[in-house]
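Student: For reference, the structure I am asking about is given below.
Since every read-out is calculated from the coordinates, none of them should be taken as a lab result. Just so you know, these numbers come straight off a predicted model, no measurement behind them. Counting neighbours? That spans all protein chains shown, and the Cβs are built from the backbone with ideal geometry, glycine included.
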Amino acid sequence: MRRGSLYRIRSRAELDALPRLPVDQFRWLEGCCPQTWAQAALLEGEGFLFQMTCREDRPKALYTAPDSPVCRDSCMECFVNFAPERDGRYLNLEANALGTLHCKLGPGRAGRTALRDLGVPLPTVSARTGEGEWRLCFFVPLACVEALYGPCAFPPGSVIRANFYKCGDETAKPHYGMWNPVETETPDFHRPEFFGELELV
């Protein structure tokens with residue numbers, strides 16, 4: 001299991017300088033491994049930031065409706081459980097280069113519920129595309145975390161469980177990349193037993 005750090009920051013401007021979590025475990029298909037990485041932080045008093053960057057030319061991005069199957073586009077994803085010691089449910093945050101967000105909650109692939117149907121403060125995503133590179137920044141407000149998991153304190157040493165993914169099911173060169181490797185015979189990102197750990201520092 002991979003372990004990384006979740007940094008406490010006071011401004012979003014600090015995010016770019018944080019150490020990178022490499023999404024470099026590509027499985028199931030060969031030939032396409034776009035360089036991808038994540039950065040993770042707790043923005044003091046506001047919420048969690050998960051920034052992901054991919055070096056990829058002209059990422060496929062067709063879906064525009066919330067909770068549409070953006071994994072068929074060129075897609076970056078963050079799956080995260082904020083209270084792993086007492087709750088088995090996790091969020092899947094998925095988006096394409098247009099910033100179309102797919103976000104649901106549940107314990108596994110089955111039985112997931114769209115957050116927009118739960119009446120809770122919603123995560124957001126911002127997208128930016130440049131020359132040969134695109135970036136997403138997922139933001140999960142603390143109010144969202146507490147609405148889903150109950151009162152949560154995040155002192156130094158707190159651990160959340162997460163995985164970061166890069167995929168493109170229906171791109172010219174389909175691919176499946178991970179931060180923490182998923183040891184299954186066929187592609188399946190909805191496997192929380194293979195999440196890594198992020199410790200708040």
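Student: Which order do Met52, Met76, Met178 fall in if you start with the one that has the fewest other Cβ atoms within 10 Å?
Tutor: Least crowded to most crowded, the residues run Met178, Met52, Met76.
Student: In nm, to one decimal, how far is the modelled label at Ala17 from the one at Asp188, with both set 7 Å along Cα→Cβ?
Tutor: The two pseudo-label positions are separated by 4.3 nm.
Student: Next question. Can you find, among Cys33, Gly177, Leu198, the residue farthest towards the positive end of the dipole of the chain? Put +1 on the C-beta of Lys and Arg, -1 on that of Asp and Glu.
Tutor: After comparing all options, I get Leu198.
Student: Moving on. Once you have the Kirkwood Rh of region 1-75 from its Cα pairs, apply Stokes-Einstein at 10 °C and 1.306 mPa s and quote D in µm²/s.
Tutor: Estimated via Stokes-Einstein, D reaches 109 µm²/s.
Student: Right, another one. May I have the extent of the alpha carbons of region 112-195 along their three principal axes, as whole Å values ordered from largest to smallest?
Tutor: Cα spread of region 112-195 along its principal axes, largest to smallest: 43, 32, 31 Å.
Student: Rank-order 151-160, 184-193 by packing density, defined as the average count of other C-beta atoms within 10 Å over each peptide's residues, highest first.
Tutor: Order by mean packing, descending: 184-193, 151-160.
Student: Additional query: Using the count of nearby Cβ atoms within 10 Å as a rough guide to exposure, how do Tyr176, Tyr90, Tyr149 rank from fewest to most?
Tutor: Tyr149, Tyr176, Tyr90
Student: Another question, then. How fast does the chain diffuse by Stokes-Einstein, in µm²/s, taking the Kirkwood radius from C-alpha pairs at 37 °C and 0.692 mPa s?
Tutor: Estimated via Stokes-Einstein, D reaches 196 µm²/s.
Student: Run the dipole for the chain about the Cα centre, Lys and Arg Cβ at +1, Asp and Glu Cβ at -1, nothing else charged, and hand back the magnitude in debye, nearest 20.
Tutor: Magnitude of the dipole: close to 120 debye.
Student: Hey, rough spin-label estimate for Asp117 and Glu131, points 7 angstrom out along Cα→Cβ, what's it come to in nanometres?
Tutor: Between Asp117 and Glu131, the label points sit 4.5 nm apart.
Student: Still on this model: Of all DSSP beta bridges located in the chain, what percent are antiparallel, nearest 5?
Tutor: Of the beta bridges lying entirely in the chain, close to 90 percent run antiparallel.
Student: In what sequence, highest mean first, do 108-117, 139-148 appear when ranked by Cβ atoms within 10 angstrom?
Tutor: Going by the mean number of other Cβ atoms within 10 Å, highest first, we get 139-148, 108-117.
Student: For each of Trp179, Trp134, Trp28, count neighbouring Cβ atoms within 10 Å of the residue's Cβ, then give the residues from fewest to most.
Tutor: Trp28, Trp134, Trp179
Student: Per-residue ellipticity at 222 nm for the chain, helices alone: DSSP H runs ≥ 4 residues times -39500 (n - 2.57), over residue total, nearest 500 deg cm²/dmol?
Tutor: Per the formula, -1000 deg cm²/dmol.
Student: Under 8 Å for C-alpha pairs, at least 6 residues apart: give me the relative contact order for region 1-67, rounded to a whole percent.
Tutor: Across region 1-67, relative contact order equals 30 percent.
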